[in-house]
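The next block holds one structure in the form of structure tokens; read it before the comments.
The values are calculated or read from the model by the stated rules, or taken from the named source; none is laboratory data. Note that the coordinates shown come from a computational prediction; the quantities given were computed from them, not determined experimentally. Backbone-built Cβ (ideal geometry, glycine too); neighbour counts: all protein chains shown. Side chains included, ligands, DNA and RNA excluded: accessible areas come from the protein's heavy atoms. Shrake-Rupley method; radii C 1.70, N 1.55, O 1.52, S 1.80 Å.
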Amino acid sequence: MWRMRYGVVIVGLALALGFVAYGRFSSPSAMAAPAQQGINQLPLELYVLLNQPGPLWLARIDLEGVDLAGARLTGANLRQARLNSTSLVGTNLVGANLERANLVSANLSGASLQGASLLSTSLQNSDLRGADLSLANLAGANVTGAKYDVTTIWPAGFDPVAGKASLIEPTPTPAPPTATPVPPTATPVPPTATPVPPTPEPPTPEPPTPVPPTPEPAEEEATATPVP
């Protein structure tokens, strides 16, 4: 009897957990990959899938519009995968098989694609700025409208101009506005030496006015009175 009771309890718990898991993994909100959140914000089942020991077998997987920025997909088999409008910024795709994959409008800026197989891959309007495609196989790949810059590394012998890719020139840094030079205002320089007051010249003495001599009065001659 007790075994039957425990069995019923265990079955009930298993069913409850099954319903919870079904609601968690099958809900549209869980499956929708929010844009620009990165590999760490993927739904749990997709996160677990992409973090399995590689190389991963992801042939024909549909990851359209998913944010896989920074994912490690070294040597992954992504043959005929749907990766259009997918963010693969800085993703490690070294040696990956991307043959006939759909990478239209995908963002591969800064991605590592050394030795990857891009045979007949659709790369129209993708962003390849800063991507490293050295030793990659681009035979038959369509790069029409793909954006690249001077930091993009192409495999030897591949001509992006002939493939109609678009070179994005670096945006020049605007020069600061040149200030109109203001003519310097002449500042009066104060005299350094203390001005010496002029020495007054002595007045020129005027010549004395000659005073005519005062005539002395003539002595009256004594009149001799004859003595009778």
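For this structure, a couple of remarks:
- The lone exception for LEU49 - which of (1) open to solvent by less than 50 Å² (accessible area, probe 1.4 Å); (2) of a type in the set (A, V, I, L, M, F, W, C); (3) at pLDDT 75 or above it fails: (1)
- ALA69 hydrophobic (A, V, I, L, M, F, W, C), modelled with pLDDT of 75 or more, more than 35 Å from the chain's Cα centre (by Cα) and open to solvent by less than 40 Å² (accessible area, probe 1.4 Å): no
- Hits in segment 151-167 - residues which are open to solvent by less than 90 Å² (accessible area, probe 1.4 Å), under 15 Å from LEU123 (Cβ atoms) and part of a loop (DSSP other than H, G, I, E, B): THR152, TRP154, PRO155, PHE158, ASP159, PRO160, ALA162, GLY163, ALA165
- Condition met for VAL89 (out of contact with any Pro (no Cβ under 6 Å at 6 or more places or on another chain) and under 21 Å from GLY54 (Cβ atoms)): yes
- Scanning segment 121-150 for residues that are surrounded by fewer than 16 Cβ atoms within 10 Å (Cβ to Cβ) and polar (S, T, N, Q) yields SER134, THR144.
- Restricting segment 53-66 to residues that are in contact with a Ser or Thr (Cβ under 9 Å, 6 or more places away or on another chain) and under 17 Å from LEU118 (Cβ atoms), the residue that is least open to solvent (accessible area, probe 1.4 Å) is LEU63.
- If only residues of segment 72-89 that are surrounded by fewer than 19 Cβ atoms within 10 Å (Cβ to Cβ) and in a loop (DSSP other than H, G, I, E, B) are counted, the one that is farthest from the chain's Cα centre (by Cα) is GLN80.
- Residue in segment 99-106 that is within 30 Å of TRP57 (Cβ to Cβ), open to solvent by 40 Å² or more (accessible area, probe 1.4 Å), acidic (Asp, Glu) and in a loop (DSSP other than H, G, I, E, B) present: yes
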